[in-house]
1. Can you find a residue that is under 15 Å from the mean Cα position of the chain (by Cα), more than 8 Å from every other protein chain (Cβ to nearest Cβ) and on the phi > 0 side of the Ramachandran plot anywhere in the stretch B:38-60?
2. Determine if the stretch A:45-65 includes at least one residue that is free of Cβ contacts under 8 Å to residues at least 24 places away in the same chain, among the basic types (Lys, Arg) and within 26 Å of residue B:97 (Cβ to Cβ).
3. Do the conditions hold for residue A:66, that is, is it among the aliphatic types (A, V, I, L, M), at negative phi and over 16 Å from the mean Cα position of the chain (by Cα)?
4. Check off (1) free of Cβ contacts under 8 Å to residues at least 12 places away in the same chain; (2) more than 9 Å from chain A (Cβ to nearest Cβ) for residue B:110 and give me the number that stays unchecked.
5. Assess whether residue A:35 counts as being closer than 30 Å to residue B:5 by Cβ and out of contact with any Pro (no Cβ under 9 Å at 6 or more places or on another chain).
6. The conditions are (1) more than 21 Å from residue B:54 (Cβ to Cβ); (2) assigned to a strand (DSSP E or B), and residue B:82 fails exactly one of them. Which is it?
7. Of all the strands (runs of 3 or more DSSP E) wholly in the stretch A:70-115, which have at least 2 residues that are facing another protein chain (nearest Cβ under 8 Å)?
8. Contact list please: Cβ distance under 6 Å, first residue in the stretch A:68-93 and closer than 20 Å to residue B:101 by Cβ, second residue among the small types (Gly, Ala, Ser) and assigned to a strand (DSSP E or B), pairs at least six apart or on different chains.
Amino acid sequence: AQKITQTQPGMFVQEKEAVTLDCTYDTSDPSYGLFWYKQPSSGEMIFLIYQGSYDQQNATEGRYSLNFQKARKSANLVISASQLGDSAMYFCAMRDTGGFQKLVFGTGTRLLVSP
Amino acid sequence: DGGITQSPKYLFRKEGQNVTLSCEQNLNHDAMYWYRQDPGQGLRLIYYSQIVNDFQKGDIAEGYSVSREKKESFPLTVTSAQKNPTAFYLCASSSRDRGQPQHFGDGTRLSIL
């Protein structure tokens, strides 16, 4: 069975600093996809970035980048130049094997950005 | 604007009562999903549907029911058999492209009176 592990319940970072949120995964499927979502206190889930298992380059979207280390089965999210609005829960998710687009989620990391 | 609309935002259920949460999407997505989120937890899949008139149980389907009569709509009923329904419920949809993300609604917060 697939599994996503986020070992950091909470992280603190100062404004304008970079922060890395950890995510490790377990799967026996050679083809998989990894997603990161942001959940502000209002509750909606906001898609941030996607990495496919066969993608040669690490994904980047603006201030978000994904440090994808396939051999270590890790897909850490790097947020550069943190902003106060980045304070939220962050979830790593994996596309389920055989499933149409089912996602398996980690337990999340709460990020607090201080001035 | 295209998106997913969940209603109501807040819902209260009495003991022994069934309640229905609405989810509508205008993204022309084939697949729709319902998740449950408990405080401090990740999302757990309740039901999902890949096409109209078809749906499958997720990891925690007991006490819930769904229907998919239209492509745009995927309502979730929380039945009286669900003994601990207090949670945040999120609806999502996606296209057939496995590289595309699921898009989420703003959620419904269900509480017991």
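The values are calculated or read from the model by the stated rules, or taken from the named source; none is laboratory data. No experiment lies behind these values; they were computed from the predicted model shown. Cβ atoms come from the backbone with ideal geometry, glycine included; neighbour counts cover every protein chain shown. For accessibility, only protein heavy atoms count, side chains too; no ligands or nucleic acids. Shrake-Rupley method; radii C 1.70, N 1.55, O 1.52, S 1.80 Å.
1. no
2. Checked the stretch A:45-65: at least one residue is free of Cβ contacts under 8 Å to residues at least 24 places away in the same chain, among the basic types (Lys, Arg) and within 26 Å of residue B:97 (Cβ to Cβ).
3. Working: among the aliphatic types (A, V, I, L, M): yes; at negative phi: yes; over 16 Å from the mean Cα position of the chain (by Cα): no.
No: the conditions fail for residue A:66.
4. Residue B:110 satisfies every listed condition except (1).
5. no
6. Tallying (1) more than 21 Å from residue B:54 (Cβ to Cβ); (2) assigned to a strand (DSSP E or B), residue B:82 fails exactly one: (2).
7. Numbers: elements: A:74-79, A:88-95, A:103-105, A:109-114.
Output list reads A:88-95, A:103-105.
8. A:68/A:75; A:78/A:65
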